[in-house]
1. Residue check, residue A:244 against (1) out of contact with any helix residue (DSSP H, G or I) (no Cβ under 7 Å at 6 or more places or on another chain); (2) modelled with pLDDT of 85 or more, all met but one. Which one?
2. Identify, by number, the condition in (1) in a helix (DSSP H, G or I); (2) under 30 Å from residue B:288 (Cα atoms) that residue A:143 doesn't meet.
3. Which one of A:185, A:203 is in a helix (DSSP H, G or I), more than 17 Å from residue A:253 (Cα to Cα) and either modelled with pLDDT under 90 or touching a helix residue (DSSP H, G or I) at 6+ places or on another chain (Cβ under 6 Å) (or both)?
4. So if I check each of A:237, A:187, which one is away from chain B (no Cβ under 13 Å) and either within 21 Å of the chain's Cα centre (by Cα) or under 21 Å from residue A:313 (Cβ atoms) (or both)?
5. Just to be sure before I move on: is residue A:321 crowded, with 24+ Cβ neighbours inside 10 Å, modelled with pLDDT of 80 or more and either within 11 Å of another protein chain (Cβ to nearest Cβ) or over 14 Å from the mean Cα position of the chain (by Cα) (or both) in the structure I sent?
6. Within segment B:128-158, which residues are surrounded by fewer than 19 Cβ atoms within 10 Å (Cβ to Cβ) and within 14 Å of another protein chain (Cβ to nearest Cβ)?
7. Out of A:256, A:295, A:282, which single residue is surrounded by 15 or more Cβ atoms within 10 Å (Cβ to Cβ), under 25 Å from residue A:364 (Cβ atoms) and over 29 Å from the mean Cα position of the chain (by Cα)?
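The values are calculated or read from the model by the stated rules, or taken from the named source; none is laboratory data. Computed from a prediction, not measured in an experiment: that's the story for all the values here. Cβ atoms come from the backbone with ideal geometry, glycine included; neighbour counts cover every protein chain shown.
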C-alpha cells in the first residue's frame, strides 16, 4: 500500500508539470501577455513591477530561449540575477529550485511566489488563501450531501424496484440530470429568494452585518457570535448547495440503484435471505457494502465536475470562493491570479483522485497493490 | 412474445417451417421477416416510449432552429416600450409578447426562437469535430497498442490534467473573440479525450475477438479491419456518447455565452439570449431567464431520452422486450 501510494504520487509529478506548462502557455499566448499587463497596471508600483520582471526573467523577447527562460524564472528554476548557466544557482550558491532553507532561491511558484494581482495589487497567494476556505466549505458540504443523498435514494429505489418511489426518483433524476446548472441556480434564486423571500439571493454572509468571509476581521466576528455565523453561512449556503449537487445526485442515485440491483441478484444475497437474515441485515451488510465499490470509483471520477460546478455555482451566487475568483480574474484579465487558481485547483483535483484511488483500495479488500 | 424473428445470417435464413422433398412447403403458417441489424435497432427504438417522446421534442427544436429565424427574424432594433422595470411580463396581446420582454424591450420569444439555430449548430459541429478526433486517436491507440497507445494516452492525460471548464473559459475569453466558428473549434479540440478513452477501451477488447483474428488470418488489410469489422461493432456506444456530447455542448455554450465570453452579442444563441438576465431577477423578471433556459433544458432532456433509447436499440444483445 505504501509503495503503491508513493508510485502513484510520483506518477502525478509529470501531470502536475503538464498543468504548470499549460498554465504558463495560456498566459504567454494571451493577448498582451504578462509583461505588458504588468506595466499597464495602475495598482502595481514601479518597484514591484521591476521585481517581478526580473524574478520571472521577462525581457520582452519572443525567441524560444527567452520563452524558456521566462518559464524557468516563473517556475522558480532559474535565477535571472545570474547570467548564463549560473542562472540555475541561487544567490546562496545552491540549486535555485530547492527550498530557501536548502540554499535555493526565493522567486517563482516553486517558492510560493505567484506574483501580484494586476487588478488590485495584492499578493496572489494572499487572495487565494482568503478564497480557498469558502470553496472548500461549499465543496465539502456538497460532497457530503451528494454522496449521502445519492446513496439513500439509490438504495431505496433498488430495494423497492419499480415501486412508486423508484418511478418518481427515476423521473426526477432524468429531469434534474438535464437541467443546465446555472439556469437551475437562477430559477432557485428567483423562486426562493426573490419571490418567497425565504433565503438570501447571493453572497456568503450579509455584507452589511458581517465582514467578508476569509478575512481576519471575519474570524474575530465569528469568535463573538459563533452560532450567528453558522446560521448566516448556513442560510446563504442552501441554494448554492442545491444547485451544485442536483446534477450529481440525479446521476449517481441512478448509478447506485443499478449497482445495488446488480448485487441484489447475486447468489450470496439470495443465500442470506434464505437463511432468514433480517432485511436490514441483508441490504445493509451483504448488499450495500458490495454495491458501494463502483460508487466510490464513480465519485472519484466525478470530482473534477465538482470544480466545474463550483465555477458555475459560485458565479451565480457570488460565493466568495475560487470559482468566482477565477471568473472575476478572467473578466479583468488578471493573469497571475488566473494562473494560480488554475494550478492550485488542478493540483488539488489530481491529489483528490489519488485519494479516491486509495479509498477504493481500502473499501475493496480484493484489491492488491 | 414477438412474431418469430428470423435473423439474416450470410444467406442462410432460419425458417420456422420444415423443408420437404419435392419443393419447399411449410406445414404451418408462420410470418417470416428477415431483418438486418439496422432494422432490428429501429424496431427496438420504436418500442421505447421515452425515446420517441425525446425524438419528437428534438425534431420540434430542429424545426424551430430552421424555421425560427425565417418566421420571427431577430432584429436588434425591434423593441417595445418597457412599461415595468426589468421588462414587460408575458401577455397574450401579440405573438411577440407571449414570453414577455427583457429589460430593453426585446421579445424573449424572438430571442429564444432565434437562439436555437446557433446553439444547436455549435452542439452538433463541436460533436462532429470531437468524435472525429476521439475516434481516430482512440482507434489508433486501441488497435495498434504499444508505443502509439502510450504516447496517445499520455496526450489524453495531458488534455485532462487541467479541468475542462478552466481551459474552455480561458480560451474562449482570450481567443474566442465572439466568433462562433472559433468557439466551435475551441470546444471541439478540447472535448475529445473522453471519446478517445471509450473507443480505445472498446478497440482493445474487439481486437482480441475471433472475428478480427479470422479477418486477419484471411489477409484483410488493417484499414479494412478497422472500418469494416471493428468500427461497426463499436458504433453503439460512440453514437450514444456523441448524442450526450451534443447535449453537454449546448449547455456549455449557454454557460460560456451567459458569462459573455462566448458568442458575440450581435448573434443570438440560447446562452447570450439569457445573459445579463440575472440582474433583473430581483425586479421580478423571471421570464427572461426562464424561457431560453427552458428551451435548453427541453432539448437536453430530449437528447438524453434519445441517447438512452439508442443505447438499448443499438446493443445487439438486447433482443425483443
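1. All conditions are met except number (1).
2. The failed condition is (2).
3. Just one listed residue meets the conditions, A:185.
4. Of A:237, A:187, the one residue that is away from chain B (no Cβ under 13 Å) and either within 21 Å of the chain's Cα centre (by Cα) or under 21 Å from residue A:313 (Cβ atoms) (or both) is A:237.
5. For residue A:321, the condition - crowded, with 24+ Cβ neighbours inside 10 Å, modelled with pLDDT of 80 or more and either within 11 Å of another protein chain (Cβ to nearest Cβ) or over 14 Å from the mean Cα position of the chain (by Cα) (or both) - is not met.
6. Hits for segment B:128-158 are B:150, B:151, B:153, B:154, B:155, B:157, B:158.
7. A:282
Quick grid of which residues meet (1) more than 22 Å from the chain's Cα centre (by Cα); (2) under 26 Å from residue A:353 (Cβ atoms); (3) crowded, with 19+ Cβ neighbours inside 10 Å; (4) within 14 Å of another protein chain (Cβ to nearest Cβ):
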| position | (1), (2), (3), (4) |
| --- | --- |
| A:92 | yes, no, no, no |
| A:97 | yes, yes, yes, no |
| A:100 | yes, no, no, no |
| A:110 | no, yes, no, no |
| A:136 | no, yes, no, no |
| A:196 | yes, no, no, yes |
